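Asks: Take this structure, written in structure tokens, and hold onto it; I'll ask about it next.
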Amino acid sequence: MKISFTKMEALGNDFIVINALKKKINLPRILIKKMADRHFGIGADQILIIERSKNDADFNYRIFNADGNEAEQCLNGIRCVAHYLQQKKNTRKKQLKISCLGGISQVSFQKNGKIIVTLPHNAKPIAIPEILKNTIPIEILGAVNIGNPHLILRVDSIINAPLHLAELITRKRYFRNGINITFVEIVTPSHIKLRTYERGSGETLSCSSGATATVITGRALELLEKNVKVEFSSGILEICHESPLSPVFLKGNAKIVFEGQFSG
């Protein structure tokens, strides 16, 4: 079985993108894990499968973590999907509606190559178990679902972020469906630094949905301004969140790295 793929990245968050617009593709979990393996496969944080739309969107895509489990949302991934569709001339539109399990988002292309994702106001708070509050010696800013779930932990220095706590939270399964864990250092109200530990993938170089969840949480707590520069070790993401009831706009890039075929 040979699978054509495109390797892509957005702020160092890397993906295997598979075009299923003409033929439906279902990958078994064992094959997803094999493809995502960085030593014996292609290597990726997640696998994205682009499909025909099932709703009012222009396109749909599915997201699979490196462990084979399906995820609901990926805002680095949606920029890669949009960039792929534009570069492969699957669309001539300047704006697209793209859906996934987490809902429909709008993307628009800028002349400088940046892609703006508009995430509608759909953030829902997640209850934090009391046992977790009493277990970890770190400030919990909150937990929110923006299509996928995120726990936000504040640290004084992102360099020394205690990733072992993320592993502990994941292992203990304090949240029934698992949760992505983001550590944030608030440099100024308009500048934050992040590290994210994603369920099913471990630490990734960046996570735009984690950044969005962090800005939403920080705005609700009046810790952040409406325009925020989000700094990862791999680059910068720009986010604008006017008010708690307004959409979130995030701006970043995406890139094709290489293409090939994988023999499963």
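Read-outs: derived from the displayed coordinates by stated rules, not from any lab. None of these values were measured; they are calculated from a predicted model.
Asks: Determine by what factor the alpha-carbon radius of gyration of the chain differs from 2.2 N^0.38 Å, reporting the quotient.
Replies: The reported ratio for this selection is 0.97.
Asks: Quick check of the Kirkwood formula: for the stretch 124-246, what is the inverse mean of 1/r over all pairs of different Cα atoms, in Å?
Replies: Over the stretch 124-246, the inverse of the mean reciprocal pair distance is 14.3 Å.
Asks: What number, in percent, do you get for the relative contact order of the stretch 124-246 if the mean sequence gap of Cα pairs under 8 Å and at least 6 apart is divided by its residue count?
Replies: Reported relative contact order: 20 percent.
Asks: Here's a follow-up. Which of the pairs Lys33/Lys251; Lys34/Lys97; Lys229/Lys251; Lys7/Lys111; Lys22/Lys97; Lys133/Lys172 have their Cα atoms more than 21 Å apart in this structure?
Replies: Pairs exceeding the cut-off: Lys33/Lys251; Lys34/Lys97; Lys7/Lys111.
Asks: Add -39500 (n - 2.57) for each DSSP H run of 4 or more in the chain, then divide by its residues: what number comes out at 222 nm, to the nearest 500 deg cm²/dmol?
Replies: -5500 deg cm²/dmol
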